[in-house]
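The block underneath contains the structure these notes are about, expressed in structure tokens.
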Amino acid sequence: MGVSDIIESLSHNERRLLLALEAAGGRASPAEMISAGKFELEVEIMGSASWLASKGLAEISESSERFYVLADKGIVESGLPERKAVRAIDAAGGSMDMVALAEALPNGEDKIAVGWLKRKGLADIVKDGDAKTLKLTQKGKDILSADMEDEVLLKRMASSPVSEKDADPKLIKDLKGRQGMIAEEIVTERTIALTDAGKEALAHGIELKDEIVQMDDSVIQSGRWRDAEFRRYDVQTFAPAAYPAKKHPLSRLGAEIRRVFTDMGFKEFDDEYVQPSFWNLDILYIPQDHPARELQDTFYLEHPAKIHIDDEKLVETIRNIQENGGDTGSTGWGGTWSRDMAEQALLRTHTTVNTIKALAAHAQAPSKYFSISRIFRKESIDATHLPEFTQIEGFILDDNANFDMLISLIREFYSKMGFDQIRIRPAYFPYTEPSLELEVFFNGKWMELGGAGIFRPEVVAPFGIDKPVLAWGFGFERLAMLKWNITDIRDLYISDIDDLRKNRIL
Ligand code: PHE
């Protein structure tokens, strides 16, 4: 763009600002232009200034300075506690008992005073048996007739803010350490300066005309349109990028998954994060010596440490199933089942606890439920593991449910999410038989996406269910990684928008 095109593109206010800068000798702060009567509002100036800057005609520079002011306005008047103490000791003849000082400076002020008397070397503490006496030092006597350095600084702050540059940093540090005495103020100064291009434009001549920016009926009725200039549209002009609010990508993915399941006739359910081991583990026929019970795998809670199971009949049923299979036809795990262990509180390690609770509550066939919810495992954090993550869980209780149906449901779900290349392999879970796990080839290796299976009788019999129940738990974050080709799971939870953008998540 040539100079005349740029001039042509200038709004009324931009022209005004250029002329005001010229009149100010090429550079000015918004405050100076306001006091020179050129403008009324700082926002008006800064708005036009950034347009001029984007067109290369002006430059905006910013500098900040830290100032200190009194937070406790009365401190200069009343005096520092150590000053009051020095006066009191002097009035008592140069030495004073600690107990007497406490009476002279009530409400604990004596303690503060003694601390500073020692630190500043204003008084010595002399022990005489149990009694302690404060004795003014020479320095202590000297300050009776002169201000201390920190007092001088406080007085300056009382009359006007003191710049960081004009104060001893050590004194500032001490005063900042004294509760509520001084406060910081950051003052930012902006300066707008003409660039060479700005000067060139001015040399060309800038005309100030009445300009119509917005068209409305008053412009027509008043006849103003006849003489005024209309602001031209410039579709190529710079405009700052606007990023309106958006849902977090993981929330959007959650909504998409929710939609897939609800379209297939599933209902959503959830439960509490805090569960007794009983529901999270025992009911799922996980033996009490299973590694998942270990402290290094599970977050157990201290408050509450235990959650009482108040269904005695269910407790007995589970005890029998765990020890000898009860009447499920199973042999159980043997040994002695501990109710104490089952009542330990934990952060749920899988949402299969939701599934079994929902089954316990809605044991009627047919039913189909899903959940997308947070779980907790003591994992060390790395590119594919987080200690808190999300599972896509669900179950189908149906007379006709079978393993083929489970596999096709899994394939259908992943294909709806855009992934056809998943591998399904036999697996083991204490609560399902048969069991499977699914994986996907990603970033050079097979990544586990989740597990599934048909619940064993040991799990469903206590709720009177003798129909097949298909169940699964898939990793939500890992699906997100696949979807956006993200190789580090931690990137999903970065809350810095710029980083999210850099990683192409947003
Ligand atoms: N709970 C299993 C896990 O967390 C997944 C699963 C759910 C497996 C349901 C079988 C049935 O990995």
Legend entry - Pairs from 111/141; 111/139; 84/155; 73/173; 357/445 whose Cα-Cα separation, in the structure shown, is over 25 Å: 357/445
Legend entry - Rounded to whole Hz, the Karplus (6.51, -1.76, 1.60) HN-Hα couplings of the range 349-365, x for glycine and proline: 9, 7, 7, 4, 5, 5, 4, 5, 5, 5, 4, 4, 8, 10, 6, 9, 7
Legend entry - Compactness of the range 241-390 as Cα Rg over 2.2 N^0.38 Å, two decimals: 1.24
Inset, instruction - Tabulate in residue order the Karplus-calculated ³J(HN,Hα) for the range 175-184, using 6.51 cos²θ - 1.76 cosθ + 1.60 with θ = phi - 60°, rounded to whole Hz; enter x for Gly and Pro. - result: 5, 5, x, 9, 2, x, 8, 10, 9, 9
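Restricting to DSSP H runs of at least four residues, report the calculated mean residue ellipticity at 222 nm for the chain, -39500 (n - 2.57) per run over all residues, nearest 500 deg cm²/dmol. Spell out each step's value before the answer.
Values: 22 runs with 188 residues, N = 506.
About -10500 deg cm²/dmol.
Using 0.36 nm times the number of residues separating residue 215 and residue 34, minus their current alpha carbon distance, what extension gain do you get?
The span from residue 215 to residue 34 would gain 62.3 nm if fully extended.
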Inset, instruction - Sort 414-426, 6-18 for me by packing, meaning the mean count of neighbouring Cβ atoms within 10 Å per residue, highest on top. - result: 6-18, 414-426
Legend entry - Segment residue 132-residue 407, extension gain: residue separation times 0.36 nm, minus the distance between their alpha carbons: 90.5 nm
Inset, instruction - Could you run the Karplus curve 6.51 cos²θ - 1.76 cosθ + 1.60 with θ = phi - 60° over the range 82-90 and give me ³J(HN,Hα) per residue in whole Hz, x for Gly and Pro? - result: 5, 5, 4, 5, 4, 4, 5, 5, 4
Inset, instruction - Putting +1 on Lys and Arg Cβ atoms and -1 on Asp and Glu Cβ atoms, find which of 31, 480, 494 reaches farthest to the positive end of the dipole of the chain. - result: 31
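Can you give the accessible area per residue of the chain, in Å², using a 1.4 Å probe?
Result: 54 Å² per residue.
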Legend entry - Stokes-Einstein diffusion coefficient of the range 221-300, Kirkwood radius over Cα pairs, 10 °C, 1.306 mPa s, in µm²/s: 79
Legend entry - Label-point separation, residue 246 to residue 485 (7 Å along Cα→Cβ), nm: 1.7
Legend entry - Accessible surface of the chain [probe 1.4 Å, protein heavy atoms]: carbon and sulfur percent: 49
Inset, instruction - Note down the accessible area of residue 349, probe 1.4 Å, to the nearest 10 Å². - result: 20
Inset, instruction - Compute the separation of the alpha-carbon centres of the range 143-198 and the range 62-98 and state it in Å as a whole number. - result: 17
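With all protein chains present and a 1.4 Å probe, how do 469, 3, 152 order by accessible area, largest first?
152, 3, 469
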Inset, instruction - Starting from the Kirkwood radius over alpha-carbon pairs of the range 318-382, derive D by Stokes-Einstein at 10 °C in a medium of 1.306 mPa s and give it in µm² s⁻¹. - result: 108
Inset, instruction - Give the span of the range 377-438's Cα atoms along each principal axis, as three whole-Å numbers ordered largest to smallest. - result: 41, 30, 19
Legend entry - Rounded to whole Å, sorted largest first: equivalent-ellipsoid semi-axes of the chain, Cα gyration tensor: 67, 49, 18
Inset, instruction - With a Förster radius of 56 Å, plug the Cβ-Cβ distance of residue 61 and residue 382 into 1/(1 + (r/R0)^6) and report the FRET value to the nearest 0.05. - result: 0.80
Inset, instruction - Using amide H atoms built 1.01 Å from N in the peptide plane, name the residues 5+ places from residue 449, or on other chains, whose amide H lies under 5 Å from its own. - result: 438, 439, 440
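The values are calculated or read from the model by the stated rules, or taken from the named source; none is laboratory data. Since we're looking at a predicted model, the values are computed, not measured. Cβ coordinates were reconstructed from backbone atoms using ideal geometry, including for glycine residues, and neighbour counts include every protein chain displayed. Accessible surface is based on the protein model in full, side chains and every heavy atom, while ligands, DNA and RNA are left aside. Shrake-Rupley method; radii C 1.70, N 1.55, O 1.52, S 1.80 Å.
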